[in-house]
1. In the neighborhood of V53, defined by Cβ-to-Cβ distances under 13 Å, what is the net charge if each Lys or Arg adds +1 and each Asp or Glu adds -1?
2. Taking the 0 to 90 degree range and rounding to the nearest ten, how far is the long axis of helix 73-87 tilted relative to the main principal axis of the chain, both from C-alpha atoms?
3. Based solely on its DSSP helices, what 222 nm [θ] is calculated for the chain when runs of n ≥ 4 H residues each add -39,500 (n - 2.57) and the sum is averaged over all residues, nearest 500 deg cm²/dmol?
4. Lys and Arg at +1, Asp and Glu at -1: add these up for the other residues within a Cβ distance under 12 Å of D40 and post the number.
5. Determine the distance separating the Cα centre of segment 15-81 from the Cα centre of segment 89-135; give it in Å without decimals.
6. Can you pull the percent of the chain's accessible area that's carbon plus sulfur, 1.4 Å probe, other chains left in place?
7. Per the Cauchy relation, a quarter of the hull surface: what is the mean projected area of the convex hull of the alpha carbons in the chain, in nm²?
8. If you count only protein heavy atoms with a 1.4 Å probe, what accessible area per residue comes out for the chain, rounded to a whole Å²?
Amino acid sequence: MASTHDRPAVPAQSAASPIRLLAVRDTPLSLDEVFAAVGDRAAGGTALFVGTVRDHDGGAEVAGLGYSAHPSAEAELRRVAEKVAADFPVRAMAAVHRVGDLAVGDLAVVVAVSCAHRAEAFAACRRLIDDLKHEVPIWKHQEFSDGTEEWVGAC
């Protein structure tokens, strides 16, 4: 499966679009970059979700993992983001997902949403990460300390 990490971040479709940053990358993710991307003077609430590689899953100790993305991953990420922006009063939105080999503690995904009010920001951010995990074609290959492994599909 090919990743889209060689392409630049997908730009917003128009100046009025609340989608400020979307990317699938093979380089470390930056909380500062995502937080800065959703800054908006009209936003009273910003919700940020950070997904990290944990040291266990399903009772097994995780040694490491790798993420792979389908070439359509950024287009699907945009589709998901546009739907969230249409369903919530989003001022600004950003989402980045890592591909490649990651170690325990590495950032795997960072999403952020800013809205006029905190309740809207929380709801939109939750919907963004949930839909990203269920609909964007990114797969996780986990390797466990006991030598076993598994693939986990995002969609």
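The values are calculated or read from the model by the stated rules, or taken from the named source; none is laboratory data. Just so it is clear, the structure is predicted and the values come from calculations on it, not from any experiment. With ideal geometry, Cβ positions are generated from the backbone for all residues, glycine too; neighbour counts draw on all protein chains shown. Remember, those area values only see protein heavy atoms, side chains included, never the ligands or the DNA or RNA. Shrake-Rupley method; radii C 1.70, N 1.55, O 1.52, S 1.80 Å.
1. Details: positive: R54, R98, K140; negative: D55, D57, E61, D101, D106, E143.
Local charge sum for V53: -3.
2. Tilt of helix 73-87: around 40 degrees.
3. Details: 3 runs with 40 residues, N = 155.
Calculated at 222 nm, the ellipticity per residue is -8000 deg cm²/dmol.
4. Details: positive: R20, R41, R91; negative: none.
Neighbour charge sum, excluding D40 itself: +3.
5. 5 Å
6. Values: 4060 of 7770 Å².
Taking all protein chains in place, the chain shows 52 percent carbon and sulfur surface.
7. Values: hull surface 35.3 nm².
Mean projected area of the Cα convex hull: 8.8 nm².
8. Details: 7770 Å² over 155 residues.
With all protein chains present, the chain gives 50 Å² per residue.
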